[in-house]
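S.K.: Have a look at this one.
The values are calculated or read from the model by the stated rules, or taken from the named source; none is laboratory data. Every value quoted in this text rests on a predicted model; they were computed, and no experiment measured them. Note that each Cβ is placed from the backbone with ideal geometry, even for glycine, and that neighbours are counted across all protein chains shown. Quick note on the areas: whole protein, heavy atoms, side chains included, nothing else; ligands and nucleic acids left out. Shrake-Rupley method; radii C 1.70, N 1.55, O 1.52, S 1.80 Å.
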Amino acid sequence: GSHGDMEWALAGMPWMVGRYAVILQSYDEKLSALEIIFYHMEMWVRILNLSLGWMNQSKGSRTMSLIGRVVKMDVDADGKASGAFLLARVAVEIDKPLRCGVLRMSKSEEPRWFNI
């Protein structure tokens, strides 16, 4: 019955029960059970060992978008990330396999693989 509790539950997804993710969606009383379709699941994703030049909002968003739609990125007020990895909340398509890494290619460097 609390709007704040509903927002907290939706923001905390995916909830885990055992090894299974529970995906929630805002309630719409106009829909029937057959009309409710889940396309995306938001989750926190980290890319390990990313070059320091890519540990920021603009370049990091481009890299994270290879995984899914970027919802939120863990950066400071200047848009820079710190630490050993880049962290972002990403909406991934649930009907596709999860990726174990991303391949970053640029014209000036050799392609590099980064684990996620």
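S.K.: Of these, GLY60, GLY83, GLY53, which one is of a type in the set (Gly, Ala, Ser) and in contact with a strand residue (DSSP E or B) (Cβ under 6 Å, 6 or more places away or on another chain)?
M.R.: GLY60
S.K.: Mind checking which residues of the range 37-52 are open to solvent by less than 70 Å² (accessible area, probe 1.4 Å) and in a loop (DSSP other than H, G, I, E, B)?
M.R.: LEU50, SER51, listed by residue number.
S.K.: Scan LEU10, LEU34 and give me the residue that is in a helix (DSSP H, G or I), open to solvent by less than 60 Å² (accessible area, probe 1.4 Å) and either closer than 18 Å to GLU93 by Cβ or out of contact with any strand residue (DSSP E or B) (no Cβ under 8 Å at 6 or more places or on another chain) (or both).
M.R.: Going through LEU10, LEU34 in turn, the sole match is LEU10.
S.K.: Might you check whether a residue that is free of Cβ contacts under 8 Å to residues at least 60 places away in the same chain, open to solvent by less than 50 Å² (accessible area, probe 1.4 Å), within 17 Å of PHE114 (Cα to Cα) and within 17 Å of the chain's Cα centre (by Cα) occurs anywhere in the range 69-83?
M.R.: The answer is yes; a qualifying residue exists.
S.K.: Output the residues belonging to the range 67-86 that are touching a helix residue (DSSP H, G or I) at 6+ places or on another chain (Cβ under 9 Å) and more than 21 Å from LEU24 (Cβ to Cβ).
M.R.: Listed by number, the residues that qualify are MET73, VAL75, ASP78, GLY79, LYS80, ALA81, LEU86.
S.K.: Within the range 17-48, track down each residue that is β-branched (Val, Ile, Thr) and either touching a residue at least 60 places away in the same chain (Cβ under 8 Å) or in contact with a Leu (Cβ under 9 Å, 6 or more places away or on another chain) (or both).
M.R.: Result: ILE23, VAL45, ILE47.
S.K.: To continue, here is another question. Between ASP28, ASP5, which is out of contact with any His (no Cβ under 9 Å at 6 or more places or on another chain), assigned to a loop (DSSP other than H, G, I, E, B) and among the acidic types (Asp, Glu)?
M.R.: None of the other options fit; the residue is ASP28.
S.K.: So for the range 84-101 (the condition being over 23 Å from ALA21 (Cα atoms), small (Gly, Ala, Ser) and open to solvent by less than 20 Å² (accessible area, probe 1.4 Å)), does at least one residue qualify?
M.R.: no
S.K.: Only one of (1) more than 25 Å from ALA11 (Cβ to Cβ); (2) among the aliphatic types (A, V, I, L, M); (3) part of a loop (DSSP other than H, G, I, E, B) fails for LEU103. Which number is that?
M.R.: (3)
S.K.: Can you tell me which residue is nearest to VAL90 (Cα to Cα) among those in the range 13-23 that are open to solvent by 70 Å² or more (accessible area, probe 1.4 Å) and outside any loop (DSSP other than H, G, I, E, B)?
M.R.: Checked the range 13-23; the qualifying residue nearest to VAL90 (Cα to Cα) is TRP15.
S.K.: Against the definition (surrounded by 13 or more Cβ atoms within 10 Å (Cβ to Cβ) and either under 21 Å from TRP113 (Cα atoms) or modelled with pLDDT under 90 (or both)), how does SER26 come out, yes or no?
M.R.: Answer is no for this residue.
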